[in-house]
Amino acid sequence: MIRARPVTAEHPEDLVLAFRRMGLAPDAQTVLRETLPLVRLLLTGLGRPEEAFLRALPAAPLAPASDDACPPTEAVAEQGAGLPTSRATPRAPGPGAYPSWLPGDAQARPGTGLLTGRAEQFQRLVTAARADSRGLSALASAVASALAAGTVPPALVLGRRRFEWGARTYVMGVVNVTPDSFSDGGRYFGAEAAIAHGLALAEAGADMLDVGGESTRPGSLPVSVEAELARVVPVIEGLRARTDVPISVDTTKAAVAREALKAGAHLINDVTGFSADAALPRVVAEAGAACCLMHIQGTPATMQQAPRYDDLVEDVLAFLEAAIARAEAVGIPRQRILLDPGIGFGKTFDHNLFLLRRLNELRVLGLPLLVGTSRKGFLGRLAGGKPAAERLAATLGSVASMAALGGADVVRVHDVAEARDALAVADAIRRSEDGGALYGR
Ligand code: 9MG
């Protein structure tokens, strides 16, 4: 499988601030925003034809900065961006027309390498790969998806609520209906208590509620369909009757999902990414529901015994891609799918941290990301060994960090009011744009 992953930390929105400070016209800003940023893609899984193609690209310096590489377009020139028009004449691709190619170690890591260049150089590479008679469409698609990683996924409508990805970080409130929930001690096990808790979370600002009747804590064992249904259905019905906050149901079972969707749930949150029950995707598709597909290694009963990865991000990407394929195969539209890296699900302490830091790499899949860190064990360890009930501050630290890094579209939390406050701060800082009169639009 050929994969292209962005390894750039550059934010295009920061460039736009500079353009505004320079007084460039809006159209020029748009063009420059697409052409100027330096992109680096880590490629893996290449075969011999792709390697040969990349090796044969007209050699360019490793820091592609030549004028040939980036002829300013007519649009920029017309907008009076201050760039000379004479260089806008099209030329045959030559050195600098394509990204620079740095192959990986041919013995130790065959099929790997780094492409460095500007978006338009990558576009040229995609076009050339598509036209190549050796059949390089997998390379073209991988690079094209990586380039689109900064694009905001289409909005999602659940019931009466609309989720505009990129506008802010949304909050999913946890409503556990299990006797052994690790983080709330099973306090909301009874239906009435769970409904009251869900309504309180809605009141506190939850954008959706996640109702779960089977524990997914490490070491937990599955419960029967009957037991799970008896727990979740009355809670879904009770919540639907009293709030318009969309309801997600955390289940891995088609039989539970079917009844949950009939009772009024909008989204199925499957912590196995449609890998546990082959009938589940079709139930979601037939109901026109949305789904969250999470990565897990192993099962909740075994997952923390010895998690191991060759390349954590790549393995998670491959798993999620397979999950998306299972969803699309039965007709679930892409815009009704959320993805989740599964923090704590078959991951060590270090795996969790690394994934949180590299969440943006999952954006190559082009779907919104939901992430759950709330009260999890790695936070307790970071906070000096605190138990679940004392991990609020650590949870807020994780939530705010994700928002600041732009890594999550939805966070799954127990403490909704506190998370909303933390996110209000982090989201506002991340989106702040008023640098004074000279930045005016
Ligand atoms: C049910 N559940 C527990 N933790 C979770 C997480 O991190 N993500 C999702 N989607 N579900 C979770």
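Below, the figures for the structure above:
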| item | result |
| --- | --- |
| Residues that are assigned to a helix (DSSP H, G or I) and of a type outside the set (Asp, Glu), drawn from segment 216-232 | Val225, Ala227, Leu229, Ala230, Arg231, Val232 |
| Subset of segment 233-245 (residues that are touching a residue at least 24 places away in the same chain (Cβ under 8 Å), part of a helix (DSSP H, G or I) and surrounded by fewer than 14 Cβ atoms within 10 Å (Cβ to Cβ)) | Arg242 |
| Candidate set: segment 260-290, residues that are crowded, with 24+ Cβ neighbours inside 10 Å and assigned to a helix (DSSP H, G or I); chosen: the one farthest from the ligand (Cβ to nearest atom) | Pro281 |
| Test: Leu405 is in contact (Cβ under 8 Å) with a residue 60 or more places away in the chain and on the phi < 0 side of the Ramachandran plot | no |
| Residue ID - nearest to Leu382 (Cα to Cα), chosen from residues in segment 400-418 that are part of a loop (DSSP other than H, G, I, E, B) and modelled with pLDDT under 95 | Gly407 |
| Residues (free of Cβ contacts under 8 Å to residues at least 60 places away in the same chain, not aliphatic (A, V, I, L, M) and not in a helix (DSSP H, G or I)) located in segment 112-157 | Ser133 |
| Elements of type helices (runs of 4 or more DSSP H) contained in segment 1-111, each with 3 or more residues being at pLDDT below 90 | 12-22, 26-35, 74-78 |
| Filter result for Ala393 (more than 21 Å from the chain's Cα centre (by Cα), part of a helix (DSSP H, G or I), under 22 Å from Val174 (Cα atoms) and more than 16 Å from the ligand (Cβ to nearest atom)) | yes |
| Test result for Leu356, touching a residue at least 24 places away in the same chain (Cβ under 8 Å) and either within 21 Å of Asp311 (Cα to Cα) or not aromatic (Phe, Trp, Tyr) (or both) | yes |
| In segment 332-379, the residues that are surrounded by fewer than 18 Cβ atoms within 10 Å (Cβ to Cβ), polar (S, T, N, Q) and under 14 Å from the mean Cα position of the chain (by Cα) | Gln335 |
| Leading residue by the ranking (nearest to the ligand (Cβ to nearest atom)) among those in segment 158-181 that are free of Cβ contacts under 8 Å to residues at least 40 places away in the same chain and not small (Gly, Ala, Ser) | Asn176 |
| Condition broken by Gly298, with the remaining ones in (1) among the small types (Gly, Ala, Ser); (2) free of Cβ contacts under 8 Å to residues at least 40 places away in the same chain; (3) more than 22 Å from Val410 (Cβ to Cβ) satisfied | (2) |
| Some residue of segment 307-316 being part of a loop (DSSP other than H, G, I, E, B) and within 16 Å of the ligand (Cβ to nearest atom) | yes |
| Failed condition for Ala322, given (1) touching a Pro at 6+ places or on another chain (Cβ under 9 Å); (2) farther than 18 Å from Met172 by Cβ | (1) |
| Qualifying residue in segment 340-362 (condition: within 12 Å of the ligand (Cβ to nearest atom), modelled with pLDDT of 95 or more, within 24 Å of Ala144 (Cα to Cα) and part of a loop (DSSP other than H, G, I, E, B)) | yes |
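Here is a yes/no grid of residues against (1) surrounded by fewer than 17 Cβ atoms within 10 Å (Cβ to Cβ); (2) not in a loop (DSSP other than H, G, I, E, B):
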residue: Arg381; (1), (2): yes, yes
residue: Gly384; (1), (2): yes, no
residue: Ser398; (1), (2): no, yes
residue: Arg420; (1), (2): no, yes
residue: Leu423; (1), (2): no, yes
residue: Asp427; (1), (2): no, yes
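The values are calculated or read from the model by the stated rules, or taken from the named source; none is laboratory data. These numbers come from a predicted model, not from an experiment. Glycine gets a Cβ as well: all are built from the backbone with ideal geometry, and neighbour counts include every protein chain shown.
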